[in-house]
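Data first, discussion second: the structure below is written as structure tokens.
Read the figures in this text as sums done on the coordinates, not as results from a lab. Owing to the predicted nature of the structure, the values given are computational and were not obtained by experimental measurement. Methodologically, a virtual Cβ is constructed for each residue, glycine included, from the backbone with ideal geometry; neighbour enumeration extends over all protein chains shown.
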Amino acid sequence: MFFTISKDHKSISKIDSESFVNLNIWERQHIEEWVRKSPEILGEDLLIVSSEFDRFEGSKDRLDLLAIDRMGNLVVIELKRDSFAGYADLQAIRYAAMISAMTIDKLLPYYISYQKGKLGIENVTEEDSRTKIVEFVNKDNFDEITNRPRIILCSEDFSQEITTTVLWLRQFGVDITCVKITPHRMDEKIIIVPSIIIPLKEAKQYLIDIQQKEEEQQEPTSRRTRMMSILIENNLLKAGDKIYLKNALPTYIKYNDQDPIFHAVITGKLGQSNAVKWEKDNQEYAISALTWLIFKDLHPEKKDPGGLSGVWFWVNEEGTTLWDIANNYLENQKK
């Protein structure tokens, strides 16, 4: 959300975020055109050199947008309209690999075609196009693009499955970024708020998991305990305690305190599939399995949300996440 202030500075109005699905906005018809015309929405200066690029040898795939950055790197831009951007990361890696050997000479025909078709520029020459690329790149003596393409994933939101993969790839030197674009409706206009979210908030769970793994490798085997076990065995949560699904929800889910779909009760059991009882059907579940089920069921297209950690999304009566409760306990035990 964001807020607008009146001209006299005396009143404030809240503008809630929307979803591209609800606004009937599509990837190629709308989002791709916005980014193509204003690539700075991705947080940097980029020269778009092709759209719907499909000249991959032995493949019929289409790369949404291809660009060059100020350092002379090709940039693969993959666009999705919601967080369940099925295999967007894998697609982008494949595209980057297939264009990694591209030179300026090989790129020029596609850039010329793009200028004629999308920009309406007639009489485009190879010399003019090469000059535009060289002048755009902010490097002395630049004469060739690098063989290490970058990747930018752009979407309304990103699943933990994708952010985890992106962070892991970055550890091995793959230059891949996630840019979140959030739509808001304001009167008759749609306002887009972009933000680079790797490695910020959406990546927090991954960083916590890595930290926990490193700590556990240095601790006795008896401390390698699941979070729900820590909560129940140490009376941090008791049988009958109510919990609520309301932290860091995907953009397509709006929390409703009156809807039992967002409510569960701690059973006090430590089995693999009976830690919580869902108020919607009174059945027992593992907390992560229940979270996965809810996210999938509420998605407009019933898409698989991927792997996730349920304790991150559920909170207690005071609004503290189950993850934080368990993690704080472990931290205090070390003191």
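Key figures
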| item | result |
| --- | --- |
| Angle in degrees between helix 126-136 and the longest Cα principal axis of the chain, rounded to the nearest 10 | 50 |
| 5 angstrom amide H check on Met71, placed H, neighbours 5+ away | Asn138 |
| Charge context of Asn73, other residues only, Cβ under 13 angstrom, K/R +1, D/E -1 | -1 |
| Neighbour cut-off at most 15 other Cβ (10 Å), DSSP loop, chymotrypsin sites (Phe, Trp or Tyr not before Pro), segment 259-319 | none |
| Hits among lysines - C-alpha to C-alpha of Lys269 under 18 Å, sequence gap 8 or more where chains match | Lys238, Lys242, Lys277 |
| Whole-Å distance, taken between Cα centres, linking segment 95-171 and segment 223-259 | 44 |
| Beta bridges per DSSP with both ends in the chain, % antiparallel, nearest 5 | 75 |
| Gaussian network model of the chain, Cα within-10 Å springs - most flexible of Thr125, Thr291, Thr321 | Thr125 |
| Convex hull projection area averaged over all views, segment 223-334, Cα basis, nm² | 7.1 |
| GNM top mover of Pro305, Pro109, Pro149 - the chain, alpha-carbon springs below 10 Å | Pro109 |
| For the chain, calculated [θ]222 nm from helices alone, where every DSSP H run of n ≥ 4 adds -39500 (n - 2.57) | -9000 deg cm²/dmol |
| Under the Karplus curve 6.51 cos²θ - 1.76 cosθ + 1.60, θ = phi - 60°, whole-Hz ³J(HN,Hα) for segment 162-170, x wherever Gly or Pro sits | 6, 4, 4, 5, 4, 5, 5, 5, 5 |
| Degrees between helix 88-99 axis and first principal axis of the chain (Cα, 0 to 90, nearest 10) | 30 |
| Nearest-ten-degree value, helix 287-298 long axis tilted from longest Cα axis of the chain | 50 |
| In segment 130-192, GluC sites (Glu not before Pro) in a DSSP loop with at most 13 other beta-carbon atoms within 10 Å | Glu144, Glu188 |
| Angstrom value of the Kirkwood radius, inverse mean 1/r, which spans all Cα pairs in the chain | 22.7 |
| At most 12 other Cβ within 10 Å, DSSP loop - trypsin sites (Lys or Arg not before Pro), segment 87-179 | Lys139 |
